[in-house]
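Presented below is the structure to which this report refers.
The values are calculated or read from the model by the stated rules, or taken from the named source; none is laboratory data. These numbers come from a predicted model, not from an experiment. A quick note on method: Cβ atoms are made from the backbone with ideal geometry, for glycine too, and the neighbour counts reach across all protein chains shown.
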Amino acid sequence: MISIQLKRFSKFITVGLVTFLFSTLSLYLFTDFAGFPYMLSALFAAVLALFMNYFLNNKWSFADRRNHRHFIPILSLLIYESLEHLTYFALLYLLTDVIGLYYLASSVLIIVARTPIKYVFCYFIVWKENSGGYIGSDSHEERRGDNREAALKVR
């Protein structure tokens, strides 16, 4: 069980790193090449990164809990990410302007500290296990199909 969780967490970290790089590149491209103000670029980059993060984790990190009904999981992740970003900006200000850490060091420290919390949220909320199978998973759909077939055979 621990090795499964460690593999899943490693995949989650990898997806996070890829998403971080994608988000940073998107921010740069939207700002320096497309000419958008950096705050608007940051919003675009964050939204793109949210969807990229969700779909990569859905396909790879949480493949055994894969969800094919995306609205509720993405909505829950969006709400979490929104609250997380508010916390991030508050902590960034505190660590950088009040305590005096370099802003990039503050950012990395916050991201590293929040990663386990985000993983727990994703594990228990976004890709939670359902008693009848995983919500929207292939096994859940197959089980439902098997029940229909069994009911037809009984009749």
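For the range 60-70, state whether one or more residues are at pLDDT 70 or above and either aliphatic (A, V, I, L, M) or surrounded by fewer than 14 Cβ atoms within 10 Å (Cβ to Cβ) (or both). Walk me through it before giving the result.
Keep residues of the range 60-70 that are at pLDDT 70 or above, which gives 60-65.
This time we only want the ones that are either aliphatic (A, V, I, L, M) or surrounded by fewer than 14 Cβ atoms within 10 Å (Cβ to Cβ) (or both), so: 63-64.
Checking the range 60-70: at least one residue is at pLDDT 70 or above and either aliphatic (A, V, I, L, M) or surrounded by fewer than 14 Cβ atoms within 10 Å (Cβ to Cβ) (or both).
Selection within the range 113-136: residues that are modelled with pLDDT of 85 or more and β-branched (Val, Ile, Thr). The member of this set that is surrounded by the fewest Cβ atoms within 10 Å (Cβ to Cβ) is Val120. Considering the range 11-50, and only residues there that are polar (S, T, N, Q) and touching a Ser or Thr at 6+ places or on another chain (Cβ under 9 Å), the residue that is surrounded by the fewest Cβ atoms within 10 Å (Cβ to Cβ) turns out to be Thr14. Residues that are assigned to a helix (DSSP H, G or I) and without any contact (Cβ under 8 Å) to a residue 24 or more places away in the chain were ranked within the range 1-13; the one that is nearest to the chain's Cα centre (by Cα) is Ser10.
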